[in-house]
1. Name the one entry in Leu18, Leu51 that is of a type outside the set (Asp, Glu) and under 24 Å from Lys135 (Cα atoms).
2. Mind checking whether some residue in the stretch 74-96 is touching a Gly at 6+ places or on another chain (Cβ under 6 Å), of a type outside the set (S, T, N, Q) and over 22 Å from Leu130 (Cα atoms)?
3. Please identify the pairs in which a residue from the stretch 34-52 that is within 18 Å of Arg20 (Cα to Cα) and part of a strand (DSSP E or B) has its Cβ atom under 6 Å from the Cβ atom of a residue that is basic (Lys, Arg) and modelled with pLDDT of 95 or more, counting only partners at least 6 apart or on another chain.
4. Kindly indicate which of Leu25, Leu106 is assigned to a helix (DSSP H, G or I), modelled with pLDDT of 95 or more and crowded, with 17+ Cβ neighbours inside 10 Å.
5. Would you mind stating whether Val123 is part of a strand (DSSP E or B) and under 21 Å from Ala74 (Cβ atoms)?
6. (1) surrounded by 17 or more Cβ atoms within 10 Å (Cβ to Cβ); (2) part of a strand (DSSP E or B): which one isn't true of Val88, the others all being true?
7. Would you be able to say whether some residue in the stretch 97-105 is more than 15 Å from Leu25 (Cα to Cα) and under 11 Å from the mean Cα position of the chain (by Cα)?
8. Test of understanding: among Ala71, Ala49, Ala40, Ala75, which residue is crowded, with 17+ Cβ neighbours inside 10 Å and over 14 Å from the mean Cα position of the chain (by Cα)?
Amino acid sequence: MVTAMVEALATGPPPAILTRITGILSTLRRLPGVEGVALARRDGVMVSAMLPQTGDSRRVASISAGLAGTAEMAAEEIGRREVSHTIVATLEGDIVVRKVGEDHALSVILRPEANLGLVLLHVGRATGELMLILKPI
């Protein structure tokens, strides 16, 4: 069972934008094998999430931001340019983190049966939509 959770700070996105963000996350969450999704600021603050009841939104937000930042630093150190996404593979399923603009990170938590290629395709589309929505913020 997944509980939808939305956190908005006083300095967070306006309600209309938050509704659009939540709609995009909801679309990702409905993909087969997706257990949870979250959009966090790069400073580790959650914007919106749909996580399993056992998911700690603050922990997911800080880990998402950390993974996005660490992946960028690692790529830069070995002479690679832009990081597309980061995948953490576990026995219980994968975690995909993708940078959304300069200020946000999108995380998708997968069960083992998830089709990673399909998820990555949809994550790419969602990232583009989120960038358009978050651009004026």
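The values are calculated or read from the model by the stated rules, or taken from the named source; none is laboratory data. All of these numbers come straight from a predicted model, not from anything done at the bench. Every residue, glycine among them, receives a Cβ derived from its backbone with ideal geometry; neighbour counts consider all protein chains shown.
1. When all the criteria are applied, what remains is Leu18.
2. No: the stretch 74-96 contains no residue that is touching a Gly at 6+ places or on another chain (Cβ under 6 Å), of a type outside the set (S, T, N, Q) and over 22 Å from Leu130 (Cα atoms).
3. What qualifies is Val37/Arg29; Met50/Arg29.
4. Of the residues listed, the single one that is assigned to a helix (DSSP H, G or I), modelled with pLDDT of 95 or more and crowded, with 17+ Cβ neighbours inside 10 Å is Leu25.
5. Spelling it out, it is not the case that Val123 is part of a strand (DSSP E or B) and under 21 Å from Ala74 (Cβ atoms).
6. Condition (1) is where Val88 drops out.
7. no
8. After ruling out the rest, the residue left standing is Ala71.
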